[in-house]
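Okay, structure first, notes after.
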Amino acid sequence: MDEHMIPLEEARRIVLAHVAPTEVVEVDAWRAVGLPLAEDVVTDIDLSPFANSAMDGYAVHAQDLAGVEEGAPVTLSVVGHEAAGHVFSGEVAAGEAVRIMTGAPVPPGLDAVVKYEDVTVVEGDGAEGSRVAFATPAPVGANIREAGLEARAGEAVLSAGEVLTAAGAGLAASAGCARVRVRRAPVVGVLSIGTELVDPATVPSRGQIRDANSAAILAAALDAGAEPRFFGAVPDDEAEIARAIHAMVEACDFVVTSGGASAGDYDYVEAIARREGTVLFDRISLRPGKAITFGLIGGTPFLGLSGNPAAACVGFEMLARPAIRAMRGHGALARPVQDAVVTSRVKKGQQRRFYDRAVVARDAVTGALTVDHSFSQNSALLGTLQHANCLLMVPEGLKGYEPGDRAAVVRIDLPEGAVL
Ligand code: AMP
Ligand code: MG
């Protein structure tokens, strides 16, 4: 193995050791969906603050209906009504009922709700002044949601570190927290390097290629929870690259470049990083994407990915994505890994670890998880990554797999921490 080449786990450990969580900021609770909370959310009131009806119907004294028998219904007088937002404040004596809507507070002293469908109006229209008949008894507490069912005042309804869901945003709002505290999105600078690169809006002339990596890496940064910032594409010119990198490390929390990362004649990235900062590694046991430089420039973490588009994407997935998530305070940094049966031969002609683009599926007949990698693994191709849902791992020590072998697949389509 190439003497500079370090295992992926070590590379990830080094990257994670050089990023820190961003500052805590306050945002509208709904905007924090998918983010870990930086602080507990404590409710200032009981949730719900009052006992309320789970049904549209009549609130009664359960005792009044205790004597109901088959063929001998009990009739009560309707003395008022309760709708959401409209509170009945009168007294309710024995033999009386209150018409009530779902969510409305149950008047003090009444201890059961009977739904409309189980009540017969015998006089009037069912509203105040009517008489209504009940054919079955109602147990105490029937159709009543107790006060404090969700939480009591002063309790934490959400804990620091917990990832907020849509339901959680609603819960925070109920708790009086329209805004919650999370970590700011790290600003991730993105730069493409290559004299051959042209803007996607340009039709390339011979020898030129459209800059695909910028779009791919900006998207990957956004998806990881960063605030991506595009610094354009620069030619393979050392002074221009250095200028762009200086601007980036000034303005960003984390810097990602692609291109100019291998040891070709015009590859300056590593040289700049060595001269102006610290290089912490420059080769990883990884295909695609062996030529990855990581270090610090002006104290800012810097990741130089190789220009081959699939390699740049896989390198970002393996190293930049966990770093961005760590900066946002996520505890779960690893994508779920599954065991699957390989359906076609996988050959590995090199020592380094492979992550082949692949598709995992559940066999309809056997129920077994199978993984198909039988498409081109050329690192220039992005379509195969677009259509892959996993990366099939072939560890350093193996020469490949035969059909029927079991292999580990990294589910790049599923969130970190997902339980399979
Ligand atoms: P490099 O890392 O500069 O040696 O680039 C490796 C390969 O990736 C070359 O074929 C480049 O043309 C290609 N490449 C580099 N940067 C990009 C980019 N931003 N978009 C698409 N392809 C690129
Ligand atoms: Mg290049």
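The values are calculated or read from the model by the stated rules, or taken from the named source; none is laboratory data. From a predicted model like this one, the values you see are computed outputs, not experimental measurements. So basically every Cβ, Gly included, is an ideal-geometry build from the backbone, and we count neighbours across all protein chains shown. When the accessible area is computed, the model is the full protein with side chains, heavy atoms only, and any ligands, DNA or RNA have been set aside. Shrake-Rupley method; radii C 1.70, N 1.55, O 1.52, S 1.80 Å.
Quick look at the numbers
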{"quantity": "Helix-derived mean residue ellipticity, 222 nm - over the chain, DSSP H n ≥ 4, -39500 (n - 2.57), to 500", "calculated": "-5000 deg cm²/dmol"}
{"quantity": "Cα centroid separation - region 79-111 against region 174-249, whole Å", "calculated": "61 Å"}
{"quantity": "Region 118-277, relative contact order [Cα under 8 Å, separation at least 6], %", "calculated": "19 percent"}
{"quantity": "Normalised contact order of the chain, rounded percent, pairs of Cα under 8 Å and 6 or more residues apart", "calculated": "16 percent"}
{"quantity": "Relative contact order (%) - region 1-133, alpha-carbon pairs under 8 angstrom, separation at least six", "calculated": "26 percent"}
{"quantity": "Number of Lys pairs (Cα under 30 Å; 8 or more positions apart or on different chains) in the chain", "calculated": "5"}
{"quantity": "Of all accessible heavy-atom area on region 337-410, the percent that carbon and sulfur account for (1.4 Å)", "calculated": "53 percent"}
{"quantity": "Protein accessible area in region 52-145, 1.4 Å probe - carbon and sulfur %", "calculated": "51 percent"}
{"quantity": "Carbon + sulfur, % of accessible area of region 204-305 - ligands and nucleic acids excluded, 1.4 Å", "calculated": "49 percent"}
{"quantity": "Where region 52-145 is the region considered: accessible area per residue in Å², 1.4 Å probe", "calculated": "49 Å²"}
{"quantity": "Packing rank of 228-240, 249-261, where each peptide gets the mean count of other beta carbons within 10 Å, highest leading", "calculated": "249-261, 228-240"}
{"quantity": "Heavy-atom accessible area per residue - region 337-410, 1.4 Å, Å²", "calculated": "50 Å²"}
{"quantity": "Rounded to 5, the percent of DSSP beta bridges in region 52-145 classed as antiparallel", "calculated": "80 percent"}
{"quantity": "Whether region 337-410 is rounded, prolate or oblate, judged on the alpha carbon gyration tensor where a/c under 1.5 counts as rounded", "calculated": "oblate"}
{"quantity": "Rounded to whole Hz, the Karplus (6.51, -1.76, 1.60) HN-Hα couplings of region 131-144, x for glycine and proline", "calculated": "10, 10, 10, 10, 9, 9, x, 10, x, 4, x, 4, 6, 10"}
{"quantity": "Using alpha-carbon coordinates, inclination of helix 213-224 to the longest axis of the chain, degrees", "calculated": "30 degrees"}
{"quantity": "C-alpha center-to-center spacing [region 27-44, region 356-401] in angstrom", "calculated": "37 Å"}
{"quantity": "Per residue solvent-accessible surface (Å²) - region 246-324, probe of 1.4 Å", "calculated": "29 Å²"}
{"quantity": "DSSP-defined antiparallel bridges as percent of all bridges, the chain, nearest 5", "calculated": "70 percent"}
